[in-house]
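All remarks here apply to the structure that follows.
The values are calculated or read from the model by the stated rules, or taken from the named source; none is laboratory data. A quick note: this is a predicted structure, and the numbers were derived from the prediction, not measured. Every residue, glycine among them, receives a Cβ derived from its backbone with ideal geometry; neighbour counts consider all protein chains shown. Please note that ligands, DNA and RNA were not included when accessible areas were found on the heavy atoms of the full protein model with its side chains. Shrake-Rupley method; radii C 1.70, N 1.55, O 1.52, S 1.80 Å.
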Amino acid sequence: MAELSASADLSAAPVRRGINPVWLAAPGVLFLIVFMVLPMGQIFNLSVHEPAGELTWRFMEKAMSPGLYARVLGMTFSVSLQVTLWCILLGYPLALWLARIEGRRQRLAAFCILLPFWTSALIKNFSWMVLLGRTGFIAGLAEKIGIAPDALLYSNTTVVFAMAHTMLPLAVITMLPALQQVDARLMQASATLGATSGQGFWTVMLPLSMRGISAAGLLTFVASLGFFITPSLVGGPKQTMLGQLIIMQINQLQNWQQGAALAVVLLISALVAVFVFDQVFGISSVAGGSGAAPRRHDHPIRRFGIWLSEGLGRISRAIGGHMSERTGRILLSTFAAVTVFVLLVPVVAFIPMAFEDSPNLFFPPQTLSMRWFHELFASPLWTSAIVRSVGIGLATAALTLVVGGLAALALVKGKSKASTAIFLLFLAHGDPAHRACGVAVLPLRPDRAGGDQPRHHHRPLRHRRTDRVRDPADHLQGLRLAA
């Protein structure tokens, strides 16, 4: 009886609860409020006021009206969607191959996949311009097989290819954890029940890894909306994207209000994409914790996906049921090797270009020289820029590791309905948000109002004659953008 009484006392005692781990995300949330939410409010305020201070909606109306800006917005969504589809189609087999190898081979393969993602977009795009140019190495090979060299650059295909090349490593790394969490014994169990390897993939592996696919699609699409360097260098006027117009409004036309309005449109587009993905795929469940919204098992999109995967499984059984597992591994490894090779091409090819003695870039280099390295390390301007870049990179990495690590731990361990909202807040801070925040920060540096120009080149914003600013639509009509 004494034991029962003691047990009852223990069960009746109040349970002491610790602090909810979701509070670990507070530094990250505060950081985003200061450096994302407030700047976004600033650019919205800038977009609805005349230079003299009067309230107006004409800049927003022009940014969202049919015509030039609507065509550019349509091109932005079209290119971003194509890039997303190609990244998923090419990235999923690559992520599957990476998940199936282990140890040192996996680490080396992951490094080769991530190296292009870590490399500056300027380096990769300049490399593609040299390789795909009229006298480039790849253009020469294409001409031998009957492809016109002029068709390799400044086209929609080239822009989509270059952007997909940049975003593919991100899609692979995003899908990799979902594939690694799939129990390999499930595929073995499906085989014992009579399913072929292809049928098991479509009906077991693919549905279980759909969370990673949807997350990769969302991240790739949102990041692709804000691209401007790649379409500017390898694309033509018909491939102008919204990020390019924002830069043009600020740096060339000096029309801050219209640039801010376009930045707001870009940001709203990203938020709409996040909302749609969340409603269709339940992407907020990636945040983890009990606060994530449960997935609707009766959602029409989910039922359609199950029906489609089962249908593809039956088709796979009918046309490829006799493919051995060894043959499948060879095909997957061959595809992965070719994809990794293409990812490394612009990075590796740029190294010998740096030893070209001529001011122009060639591949392979015509004459080798250390001339440019001598000038690089002999110039105080360049050496200080290198030191400053390394210092900023280390500081950014340290701050991101601390703040992002705490936020990730909070989202995984936290038990709060706020987990989904916090996750979407961090997710919203993608490439379009960077463009918007950049527009908001630029007015704080009047000496930099025209971009990276000398301090005396531009007058401060408050002293600029706004009546001399040309209509941006009139200026851009010369680009002859395709509808």
Once you have the Cα-Cα distance between residue 381 and residue 337, take 0.36 nm times their residue separation minus that, and quote the gain in nm to one decimal.
11.8 nm
Amide H to amide H, which residues 5 or more places from residue 49 or on other chains are under 5 Å from it, using H placed in the peptide plane?
56
So for R0 = 35 Å, FRET eff. of residue 183-residue 121 from the Cβ-Cβ r, to 0.05, ends up at 0.35
Which trypsin sites (Lys or Arg not before Pro) in segment 72-166 sit in a loop by DSSP (not H, G, I, E or B) and have at most 15 other Cβ atoms within 10 Å of their own Cβ?
134
So with the 1.4 Å probe, I'd like the accessible area per residue for segment 30-162, rounded to whole Å².
54 Å²
Within the accessible area of segment 148-211, what % is carbon and sulfur when the probe is 1.4 Å and the other protein chains stay in place?
65 percent
Which of the lysines could a cross-linker span from residue 238 if the Cα-Cα distance has to be under 25 Å and same-chain partners fewer than 8 positions apart are dropped?
62, 124
Segment 29-106: GluC sites (Glu not before Pro) in DSSP coil with no more than 15 other Cβ atoms inside 10 Å:
54, 102
Test of understanding: what is the full-extension gain from residue 401 to residue 104, defined as 0.36 nm times their sequence separation minus their Cα-Cα distance?
104.5 nm
